[in-house]
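J.: Have a look at this one before I ask anything.
The values are calculated or read from the model by the stated rules, or taken from the named source; none is laboratory data. The structure presented is a predicted model; accordingly, all values stated were derived computationally and were not measured. Note: ideal-geometry Cβ built from the backbone for every residue, glycine included; neighbour counts use all protein chains shown. Side chains included, ligands, DNA and RNA excluded: accessible areas come from the protein's heavy atoms. Shrake-Rupley method; radii C 1.70, N 1.55, O 1.52, S 1.80 Å.
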Amino acid sequence: MVGEMYRETWVEINLDAIKHNITQIKEILPQETNIIAVVKANAYGHGMVSVAKKALESGATALAVAILEEAMILREASINAPILVLGYVPAKHAPLAARHNITLPIFQKKWLEELNQYQFEHPLNTHIKLDTGMGRIGIRSTDELINLIKEIDNNKNIQLTGIFTHFATADEKELVFYEEQIKRLEELLSIFKQHYTKDVTVHIGNSAASLRFPESMHNSIRFGISMYGLYPSNDVRAENRVELLPAFSLHSRLVHVKKIAKGDSISYGRTYIAEKDEWIGTVPIGYGDGWSRHLQGMSVLVNGRRMPIVGRICMDQLMIRLDEEIVIGTKVTLIGEQGNEIIEMDEVADYLDTINYEVPCMINERVPRIYVENGKNSRGEIKNPKL
Ligand code: PMH
């Protein structure tokens, strides 16, 4: 049946960890600072609707996504909380956003003018995006800002409810550029306040900024990576400001175990030749699931011990070298804990020469997400005694 899990390869998402991480950030934020849960890209691969619901239940008051499609999925799941789209949405889709009470960013006068071509049943909620140094999207100059505000005042289709910016280096040890962005922000905000007198919400901080400067986050933070239990960088991790719990773990099971002889080879291209007689296990996950071929040589956990991936990773399967004969069906953990051993997201990211953000996003929809909540998964098994 469609939707059934016939292959035992799965991502486990610990929703209790999401709640824990939100509780942790709330403890260091001023009481009046709100949390916008960033759930774009399928909640960084964690499963957007389940994470969004848990985040709202745990104290987040709004959601942020990258694209209108994501916002629509949240609305279709009966989520009524405020939703902000962070990225560009073509003006012709603004009436749809307005109909579903989805807030869009504004940063081009032309885009606002184009709205006049369309019929709006409801006014569109908007937040001005300021580019204070990220160089991606946003208003950069005071002139642009003043012109945009004039257009906002003239435009009956929209309602301005917020203004925001994004940091390029908030996770780095060196804070000179962060401070330059803050300075630029203060300049633009002061111009904004001179030309626009109604009250709007101001939000500037990602996880790194909110962990490091919780007192200066204005009205809300946009909390992404650390809601998932990961630190935005090693520098921020070393500062040890809160104790985060990773929500994501990746598992499979041995489907075949065999002994090979010295000189036998494993997988495409025969890149691995056994140096002695050894036990090899086959695991049903591969690059077709997002487990990159570059992870050849990386360890996985079996029976609480590290075992290396040997030979090329195939599209749907990979092989590991076992340290003894191990029974078929034994759990294999590719990211997460077994006993006293752990393979962290950061270790996989380092191996791939990327950042922890990218790894859960890589694991695609072929791998089902199984949710753990209130200490139990859907099968009623007790999980994570730490929580
Ligand atoms: N706000 C905006 C505008 C973002 O783009 C992101 C993350 C966040 C908040 C949350 O940041 P955090 O996960 O560090 O807390 N955006 C991205 C990105 O575009 N590439 O990597 C992270």
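J.: Taking GLU70, is it in a loop (DSSP other than H, G, I, E, B) and acidic (Asp, Glu)?
T.: So GLU70 fails the test.
J.: Let me ask something else. Need at least 1 residues that are open to solvent by 60 Å² or more (accessible area, probe 1.4 Å) and touching a strand residue (DSSP E or B) at 6+ places or on another chain (Cβ under 8 Å) per element, so show me which strands (runs of 3 or more DSSP E) inside the range 146-243 make the cut, counting only ones lying wholly within it.
T.: Values: elements: 158-164, 201-205, 220-223.
Those strands (runs of 3 or more DSSP E) span 158-164.
J.: Give me the pairs: first residue in the range 348-364 and charged (D, E, K, R), second residue open to solvent by less than 90 Å² (accessible area, probe 1.4 Å), beta-carbon distance under 7 Å, and six or more apart or on different chains, which are they?
T.: Cβ pairs passing all conditions: GLU358/ALA349.
J.: A further question follows. Pairs, please: C-beta under 7 Å, at least 6 apart or cross-chain, first residue in a loop (DSSP other than H, G, I, E, B) and in the range 113-124, second modelled with pLDDT of 95 or more and of a type in the set (D, E, K, R)?
T.: TYR118/LYS92; GLU121/ARG99; HIS122/ARG99
Rundown of residues vs (1) open to solvent by less than 30 Å² (accessible area, probe 1.4 Å); (2) among the aliphatic types (A, V, I, L, M); (3) farther than 23 Å from HIS127 by Cβ, yes/no style:
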position: HIS20; (1), (2), (3): no, no, yes
position: GLN24; (1), (2), (3): no, no, yes
position: THR33; (1), (2), (3): yes, no, no
position: ALA55; (1), (2), (3): yes, yes, no
position: GLY59; (1), (2), (3): yes, no, no
position: ALA64; (1), (2), (3): yes, yes, no
position: ILE73; (1), (2), (3): no, yes, no
position: PRO82; (1), (2), (3): no, no, no
position: GLY87; (1), (2), (3): yes, no, no
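J.: Residues of the range 209-232 being within 9 Å of the ligand (Cβ to nearest atom), among the hydroxyl-bearing types (Ser, Thr, Tyr) and more than 11 Å from ILE25 (Cβ to Cβ), which ones?
T.: Once the filter is applied, which keeps residues that are within 9 Å of the ligand (Cβ to nearest atom), among the hydroxyl-bearing types (Ser, Thr, Tyr) and more than 11 Å from ILE25 (Cβ to Cβ), the range 209-232 yields only TYR228.
J.: Which residues, counting only those in the range 326-362, are aliphatic (A, V, I, L, M) and more than 16 Å from the ligand (Cβ to nearest atom)?
T.: Going through the range 326-362, the residues aliphatic (A, V, I, L, M) turn out to be 326-328, 332, 334-335, 342-343, 345, 348-349, 352, 355, 359, 362.
Residues satisfying the conditions are ILE326, VAL327, ILE328, VAL332, LEU334, ILE335, ILE342, ILE343, VAL348.
J.: Checking TYR272 against (1) open to solvent by 30 Å² or more (accessible area, probe 1.4 Å); (2) within 16 Å of the ligand (Cβ to nearest atom); (3) aromatic (Phe, Trp, Tyr): exactly one of these is not met. Which one?
T.: (2)
J.: Does the range 63-87 hold any residues that are more than 12 Å from the ligand (Cβ to nearest atom) and either within 25 Å of PRO214 (Cα to Cα) or not assigned by TED's automatic domain parsing to the domain that holds GLY138 (or both), and which are they?
T.: Of everything in the range 63-87, those that are more than 12 Å from the ligand (Cβ to nearest atom) and either within 25 Å of PRO214 (Cα to Cα) or not assigned by TED's automatic domain parsing to the domain that holds GLY138 (or both) turn out to be ALA81, PRO82, ILE83.
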